[in-house]
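The values are calculated or read from the model by the stated rules, or taken from the named source; none is laboratory data. These figures come from a predicted structure and were not determined experimentally. All Cβ positions, even for glycine, are placed from backbone atoms using ideal geometry, and neighbour counts span all protein chains on display. Areas reflect the complete protein model, heavy atoms only, side chains present, ligands, DNA and RNA absent. Shrake-Rupley method; radii C 1.70, N 1.55, O 1.52, S 1.80 Å.
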Amino acid sequence: MHGGDGAGVLEVSAQTALNGTQGPFRLDVRLSAAQGEFVAICGPSGAGKTTLLRIVAGLARPQAGRVVLGGEVWCDTARSVFLPVRRRNIGFVFQDYALFPNMTARRNVEYALARHPRAQRRAQAEALLELAGLRALADHRPARLSGGQRQRLALIRALARRPALLMLDEPLSALDPGTRATMQGVLRDLVRAFGATTLMVSHDMAEVAMLADRVVRLEAGQVLEDAGARGGADG
Ligand SMILES: Nc1ncnc2c1ncn2[C@@H]1O[C@H](COP(=O)(O)OP(=O)(O)OP(=O)(O)O)[C@@H](O)[C@H]1O
């Protein structure tokens, strides 16, 4: 299985003024990721990690910058290019999952497959639910699922469109330690199977070491360190 259209190298440069708890500062980041690479973004609270993901996703505009994936320009402030979120080939998972509470697990996944022909949707959703070990729970609404089950559902929903780029913002931090450890393995296997380039914000260095190919450390809006996850990063 591979990422969808537009897969390739991700290149980001973003400069934007932010208001931190200790006054104004600038987010000023350059970052690239190879096709299929898993990049962890670490750093203290308020460093600009979520803002960076929001810029890449198209949920925020940088004052200056460019976001390019596989040669497709998603944002280029110098040329007034800004693709809206829905036109970027991305999937994202946040800490709070953002599942639709009134839809069953199956409907949550089918919703993400809305662009597929109706006849294929059910089968595709079943295959994804099977992959996440949720087939028996397909008719349950999110409120009846455990934290780990909800997290798996959020992951397959994000991957259903075969995004070229997957963004995870502390996706496992709401889970209890045991479930979190299990989910790290599930996350790794699913991301590998789909081959999506991945940006993940995480505070947990053990998690980062297990999942990431590379760690980018952000502090006060700047990249302080960019290293192999098992190489130079010291938390
Ligand atoms: N649109 C904005 N305009 C000005 N300042 C902003 C804007 N969005 C966020 N900020 C500020 O920029 C700083 C960085 O926020 P951000 O959420 O990116 O940090 P973070 O590294 O993800 O932190 P955490 O680990 O706590 O989630 C914060 O102090 C925040 O208040």
- Item | Bins of 10 Å, starting at 0 and running to the largest distance - Cα pair percent for region 98-235 | 11, 39, 32, 14, 4
- Relative contact order %, region 121-235, counting alpha carbon pairs below 8 Å whose residues are six or more apart: 19
- Message: Please list, ordered by chain and number, the residues whose modelled amide H lies under 5 Å from the amide H of Arg26; skip anything fewer than 5 residues away on the same chain.
- Response: Leu18
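With +1 assigned to the C-beta of every Lys and Arg and -1 to the C-beta of every Asp and Glu, and no other charges, what is the dipole magnitude of region 95-148 about the Cα centre in debye, to the nearest 20?
Details: 9 positive and 5 negative charges, 44 e Å.
Once rounded to the nearest 20, the dipole reads 200 debye.
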- Task: Before rounding to the nearest 500, sum -39500 (n - 2.57) across all DSSP H runs of length at least 4 in the chain and divide by the residue total; then give [θ] at 222 nm in deg cm²/dmol.
- Result: -9000 deg cm²/dmol
- Message: What are the ³J(HN,Hα) couplings of region 154-169, residue after residue, when phi is run through the Karplus curve with 6.51, -1.76, 1.60 and θ = phi - 60°? Round to Hz, x for glycine and proline.
- Response: 4, 5, 5, 5, 5, 8, 4, 7, 6, x, 6, 9, 10, 10, 10, 10
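So what is the relative contact order for the chain, in percent, with contacts set as C-alpha pairs under 8 Å and at least six apart?
Numbers: 459 pairs, mean separation 68.7, N = 235.
The value is 29 percent.
Can you compute the charge dipole magnitude of the chain about its Cα centre, using +1 on each Lys and Arg Cβ and -1 on each Asp and Glu Cβ, nothing else charged? Give it in debye, rounded to the nearest 20.
1020
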- Item | Heavy-atom accessible surface of region 117-232: percent carbon and sulfur, 1.4 Å | 48
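In whole percent, what relative contact order does region 151-216 give with Cα contacts below 8 Å and a gap of six or more residues? Numbers along the way, then the final one.
On the way: 48 pairs, mean separation 26.5, N = 66.
This gives 40 percent for region 151-216.
What's the carbon and sulfur percent of region 22-96's accessible surface, probe 1.4 angstrom, rounded to a whole number?
Details: 1680 of 3610 Å².
Roughly 47 percent of what the probe reaches on region 22-96 is carbon or sulfur.
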- His203 - accessible surface, heavy atoms, 1.4 Å probe, Å² rounded to 10: 100
- Query: What residue among Leu155, Ala143, Phe82 has its Cα farthest toward the positive end of the dipole of the chain, where the charges are +1 on Lys, Arg and -1 on Asp, Glu, each on the Cβ?
  - Reply: Ala143
- Message: Need the C-alpha centroid separation for region 150-205 versus region 25-86, integer Å.
- Response: 19
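Two decimals, Cα atoms only, Kirkwood Rh: what is Rg/Rh over region 49-102? Write out the running numbers ahead of the final one.
Working: Rg = 12.5 Å, Rh = 12.2 Å.
So for region 49-102, dividing Rg by the Kirkwood Rh gives 1.03.
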- Note on the structure: Heavy-atom accessible area with a 1.4 angstrom probe orders Glu130, Glu37, Glu72, most exposed first, as Glu130, Glu72, Glu37
- Item | Interchain or long-range residues, amide H under 5 Å from Val215's placed H | Ala40, Ala227, Gly228, Ala229
- To the nearest 20 debye, what charge dipole does region 60-120 have about its Cα centre, counting +1 at the Cβ of each Lys and Arg and -1 at the Cβ of each Asp and Glu? 200
- Message: With every protein chain kept in place and ligands, DNA and RNA left out, what is the accessible area per residue of the chain? Probe 1.4 Å, answer in Å².
- Response: 47
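Evaluate the Kirkwood expression for the hydrodynamic radius of region 1-142, namely the inverse of the mean inverse distance over all pairs of different C-alpha atoms, and round to one decimal in Å. Can you show the working numbers first?
Details: mean 1/r = 0.0572 Å⁻¹.
With all distinct Cα pairs of region 1-142 included, I get 17.5 Å.
Assuming a ≥ b ≥ c are the square roots of the Cα gyration tensor eigenvalues, decide whether region 104-169 counts as rounded (a/c under 1.5), prolate (otherwise, with a/b larger than b/c) or oblate.
Details: a/c = 1.93, a/b = 1.14, b/c = 1.69.
Oblate, since a/c reaches 1.5 and b/c is not below a/b.
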